[in-house]
Amino acid sequence: MIGVLIGIVILAIVAYVGVLAYQQRVRRQVATLTAKKETMVAIPLTDELELVGQLSLTGQSLEQYQQLEDDFTDITENRFTRIDEALTKLTADSRGINLVQLRQDLNKVTLLVSQTDELVQSVQAKLASLQEVDKQHRQAVHDLEQKYQGLRKTLLAKNFAFGPSIDGLEERLSQLEDNFDTFTRLTQEGDHERAADVLSQLDTDTDELEDLIKAIPPLYKDLTVVYPDQLKELKAGYDQLTSQHFHFGEQDVPQMVADINSHVTENLETLGDLRPDDAKVVNDRIAKQIDQIYDLMQTEIDAKTPVEQNLDNVAKFIGHAQNQSHALLNELDRLSQNYTLDHQELETARELNEQLRNIDGTYQRDVQDLTGQTATYSIILEHQQQQEKDLQQIEEQQADILKSVAGLADEERQARDTLQQFDFDLHSLRRQVENLNLPGIPQEYLDYFFVVRDEVAQLATDMDQPQINMERITKQLLIIQTDLDTLREKTEDLIDSSQLAEQLLQYANRYQTSHDNVAEASEKAAQLFEHDFQYAQALETIATVLDEVEPGSYKRLEDAYYAREGTAKPKRRTEED
């Protein structure tokens, strides 16, 4: 029981201490809010309202000022009073124990103070803004007045520099001055909202006028001084050059000058319409056209000297190429009687000769134009440069053709020597086989021999034609040489295999009575040798059985054979080979 009572007492003490702490906290917050309210009261809104009120505002600016006055009245006569009453009540209630109500009242007055502070700041900022706008507008009145005076002075003092644009510029300036008067009136009346709209348009229009005044004079000067002087110079230069018998091809220089003069006149009208950007585009085009005429004249002047210097060189070049063409055609005609020209050498040479005729024709016409003083030097210079390039190419092609046919006679002589050697080799191989006195020749060997013989015969026939195709002959020589090498190998194989087979059959006689397998192999090898003429198989048959009876005997006999013949030992062939 006593413990319960002690617990209750402790809880009561804790609760009491908590209440005291919260009351103290509330009183501190009340003091903070009171100080913040006094700070707001100290702001000199009354003085600022009086200053702004002296500006004689009208229109939307006056409406804004009146709203600020209403906000000021609400702050001083309503909000401050409500704040004071709420804070006084909070101070009194902070001694009680109704903590819930105390917290609600504290939140309400805190919100009221915060909202009032925001309103005070807003009123002060807007009042400052009205003063600043009034100050800026009055400064703008002064600045624009000075600027328009300067622009008017410029237009009056330098009206000659603007040409047809002067009337439009003065009209623009007059419109600006009228709008400036409206802006000045609105500023003096204090209607700064409307004045701001007018000022924005004034700034834009003034910038445009200043840009026009800056851009037009150099364009006008080009159109009235620079270009006319250049066109006069071009006309005088053209007259002087034509008197010296210069010509300009299909270019009508007087008409080009007349066209440019028309562009100049039209572009002055564009300037009069106050369109300097469009006028600049046309001016740039006029400048390029004038430069083109200068370049045209200079090109003809520069071309005259090299044209006159090149005449003799081109004539010599053409003559040399024509002489080479005549010699080449004669040589090709002579060679074509004995040889087939498979690469259109004659046709190409004729085409080159035709090109030379065309080049010479152009050259002769150019000479006539120069003699008759009707030549356009730049055109003739182009002709000469192209002629030199074409002549160089023609001579290179002529040299290539001549080089390609120059060795035909030597090739024929070498081909005949090679044919004679082929025929000799064939007879030599035939004699070697005949000297063996073999019972017969393998059909495979005979077939290959006759193929090579027929190839040699065909080559001889082709070489005896009235017109020889050396390209075909060369291909035949290569084929025959390859086939003849193969025939030589086959002949050597035939000789070696038949001779060795004969020797091994004789050597095997010593074993026929004592070894049945040797007797059987000898009989089979003899059949292959005497009747089938398969000497390599006969050799393989008897060699195999001899190696079984007498190991190493075949190699010994074979080495002895090649040693006697003085030839290299070939790789041993098998039946599969």
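Output the peptides 434-443, 318-327 sorted from most to least packed, where packing is the average of other Cβ atoms within 10 Å over each peptide's residues.
So the order, starting with the most tightly packed, is 318-327, 434-443.
How big is Rg to Rh over region 348-396, alpha-carbon atoms, Rh as the Kirkwood inverse-mean-distance radius?
1.05
Excluding Asp360 itself, calculate the net charge of residues whose Cβ lies under 14 Å from the Cβ of Asp360, where each Lys or Arg counts +1 and each Asp or Glu counts -1.
Once positives and negatives cancel, what remains is -1.
Using 7 Å Cα-to-Cβ label points, what is the Glu118/Glu347 separation (nm, one decimal)?
The two pseudo-label positions are separated by 10.0 nm.
For Ala35 and Glu208, what does the FRET efficiency come to when R0 = 45 Å and r is the distance between their Cβ atoms, rounded to the nearest 0.05?
Efficiency computed from Cβ-Cβ geometry: 0.20.
Radius of gyration and Dmax for region 465-512's Cα atoms, expressed in Å?
Both quantities, over Cα of region 465-512: 20.6, 66 Å.
Please compute the modelled spin-label separation between Ser428 and Glu520, points set 7 Å along Cα→Cβ, answer in nm with one decimal.
According to this spin-label approximation, the distance is 4.6 nm.
Putting +1 on Lys and Arg Cβ atoms and -1 on Asp and Glu Cβ atoms, find which of Phe424, Gln443, Ser404 reaches farthest to the positive end of the dipole of region 400-458.
The residue sitting most towards the positive pole is Phe424.
Taking one equal scatterer on every alpha-carbon of region 346-465, how large is log10 of I(q)/I(0) by Debye at q = 0.15, 0.18, 0.19 1/Å?
-0.84, -0.99, -1.04
Would you compute, for the Cα atoms of region 240-339, the largest minus smallest coordinate along each principal axis and list the three values in descending order, in whole Å?
87, 34, 17
Listed highest first by mean packing, meaning other Cβ atoms within 10 Å per residue, what order do 284-294, 502-512 come in?
Answer by packing, highest mean first, reads 502-512, 284-294.
How much accessible area does Leu268 have with a 1.4 Å probe, in Å² rounded to the nearest 10?
Leu268 has an accessible surface of roughly 40 Å² with all protein chains in place.
Taking the Cα centre of region 341-388 as the origin, how large is its charge dipole in debye, to the nearest 20, when only Lys and Arg (+1) and Asp and Glu (-1) carry charge on their Cβ atoms?
Computed about the Cα centre, the dipole is about 260 debye.
Can you give the FRET efficiency for Lys89 and Asp167, using 1/(1 + (r/R0)^6), R0 = 60 Å, r = Cβ-Cβ distance, to the nearest 0.05?
With R0 = 60 Å, the Cβ-Cβ based efficiency is 0.15.
Non-local amide H neighbours of Ile468 (under 5 Å, H modeled in plane, Pro and chain starts lacking H): which ones?
Tyr339, Thr340
Over region 168-266, what relative contact order in percent results from Cα pairs under 8 Å that are six or more residues apart?
This gives 23 percent for region 168-266.
Assigning unit charges at the beta carbon (Lys, Arg +1; Asp, Glu -1) and nothing else, what dipole magnitude in debye, to the nearest 20, does region 368-438 show about its Cα centre?
Here the size comes out at about 380 debye.
How far, in nm, would the chain grow between Asp417 and Thr461 when pulled straight, counting 0.36 nm per residue and subtracting the alpha carbon separation?
14.4 nm
The values are calculated or read from the model by the stated rules, or taken from the named source; none is laboratory data. Owing to the predicted nature of the structure, the values given are computational and were not obtained by experimental measurement. Backbone-built Cβ (ideal geometry, glycine too); neighbour counts: all protein chains shown. The area values use the complete protein model at the heavy-atom level, side chains included, leaving out ligands, DNA and RNA. Shrake-Rupley method; radii C 1.70, N 1.55, O 1.52, S 1.80 Å.
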